[in-house]
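Below is one structure, written out as structure tokens; comments come after it.
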Amino acid sequence: MSLQISNLSKSFSVRTLFAGVTFAVNPGECVALVGSNGSGKTTLMRIILGHEHADSGVVTRPKESRIGYLPQEIFLADNQNWAREKETMTLWELVTQAFARLKDIKLRIESIEAEMAAGRTGAAIQDEYERLIAEYEKSGGYTWQAKTIRLLKGFGFPESRFHDPLKTFSGGWQMRGYFVRLLLTEPDYLLLDEPTNYLDISSISFLEDYLASYPGGILAVSHDRYFLDELARSVVAIVPE
């Protein structure tokens with residue numbers, strides 16, 4: 001099932017940003033969202049996320065689907081979570097937050113193994129153990145580290161800096177780290193607002209290749225027309241009335 005945007009409209013005071021916007025983002029496809037500066041592209045994304053309300057229209061997404069959002073700017077004064085992460089985490093700690101569930105599963109598996117080694121066994125604990133092992137493997141428990149290294153290197157981070165404090169990186173490199181974490185969470189739908197900002201030519205090329213085979217749906221805003229030409233299968237244009 002696709003992400004459906006139906007007849008969305010939004011106005012501020014006497015100015016209409018957009019009206020009657022209708023389109024869909026299907027799994028495995030990239031849709032380019034284009035329009036002049038101030039046309040409402042970011043506002044439309046925020047409405048899809050539920051961060052703003054439309055004047056009319058409906059956003060429908062598949063049940064239990066996850067949407068990931070890359071904003072143009074994450075360094076907001078009132079973003080307490082980001083401020084805390086920036087001051088306390090290493091780059092590796094930040095990006096591997098994407099695997100929090102896997103880490104919890106691993107800890108539980110180790111706990112059960114300790115119980116079994118101590119002679120505490122039974123059908124219930126054996127069933128739980130087998131279920132967790134299967135979930136761990138299916139969710140990438142044996143490949144997440146290699147995937148993380150590939151993405152960090154693809155975004156230009158030298159391996160020698162993987163465990164450096166995040167605050168020792170410039171703002172642009174911190175933004176790359178945030179982007180890597182987002183991709184590692186593998187949401188069902190990616191909303192990317194100027195994703196090539198802060199990226200150089202080699203990392204843009206890596207991103208294009210990575211997104212070309214991304215299984216989820218992508219809605220992208222970018223001034224980099226070549227990037228959109230490479231990825232987008234369809235275009236939604238916001239034009240003034």
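Bear in mind that the values in this text are calculations on the coordinates, not laboratory data. Everything quoted here is computed from the prediction, not taken from an experiment. Note: ideal-geometry Cβ built from the backbone for every residue, glycine included; neighbour counts use all protein chains shown.
Can you classify the stretch 52-122 as rounded, prolate or oblate using the Cα gyration tensor, where a ≥ b ≥ c are the square roots of its eigenvalues, rounded means a/c under 1.5, and otherwise it's prolate if a/b beats b/c and oblate if not? It is oblate, given that a/c is not under 1.5 and a/b is not larger than b/c. Overall, the anisotropy analysis places the stretch 44-163 in the oblate class: the square-rooted eigenvalues a ≥ b ≥ c of its C-alpha gyration tensor yield a/c not less than 1.5, with a/b not exceeding b/c.
So which residue, out of ALA123, ALA24, ALA146, gets the largest mean-square fluctuation from a GNM of the chain using Cα contacts under 10 Å as springs? Result: ALA123 has the largest fluctuation of those listed.
Diffusion of the stretch 179-241 by Stokes-Einstein, at 20 °C in a medium of 1.002 mPa s and with Rh set to the Kirkwood radius over alpha-carbon pairs, works out to 171 µm²/s. Per-residue 3J(HN,Hα) values for the stretch 226-233, derived from phi via the Karplus relation 6.51 cos²θ - 1.76 cosθ + 1.60 with θ = phi - 60°, read 5, 4, 5, 4, 6, 10, 6, 9 Hz in sequence order (x marks Gly and Pro). Consider a paramagnetic label point 7 Å from the Cα of ARG150 along Cα→Cβ; state which residues of the stretch 27-44 have an amide N under 18 Å from it. Only 28 fall inside the zone, counting backbone N under 18 Å. Under a 5 Å amide H cut-off, with hydrogens placed 1.01 Å from N, GLY35 pairs with ILE238 among residues at least 5 apart or on other chains.
Based on the reciprocal of the average 1/r between different C-alpha atoms, the Kirkwood radius for the chain equals 20.0 Å. Stokes-Einstein diffusion for the stretch 109-241 at 25 °C, viscosity 0.890 mPa s, with a Kirkwood radius from C-alpha pairs, works out to 137 µm²/s. Taken about its Cα centre, the chain carries a charge dipole of roughly 220 debye when the Cβ of each Lys and Arg holds +1 and the Cβ of each Asp and Glu holds -1.
Can you give the longest run of the chain that contains no trypsin sites (Lys or Arg not before Pro) sitting in a DSSP loop with at most 14 other Cβ atoms inside 10 Å? Longest run free of exposed loop sites: 121-232. FRET efficiency for the GLU128 to ALA212 pair, using the beta carbon distance and R₀ = 51 Å, is estimated at 0.85.
A straight line joining the Cα centroids of the stretch 12-79 and the stretch 199-241 runs 16 Å.
Over 26 Å apart at the Cα level, from the set LYS86/LYS147; LYS63/LYS167; LYS41/LYS147; LYS41/LYS103, are LYS63/LYS167; LYS41/LYS147; LYS41/LYS103. Shape of the stretch 1-84 from its Cα gyration tensor (a ≥ b ≥ c, root eigenvalues): rounded if a/c is under 1.5, otherwise prolate when a/b > b/c, or oblate? Judged from the Cα gyration tensor, the stretch 1-84 comes out oblate (a/c at least 1.5, b/c at or above a/b).
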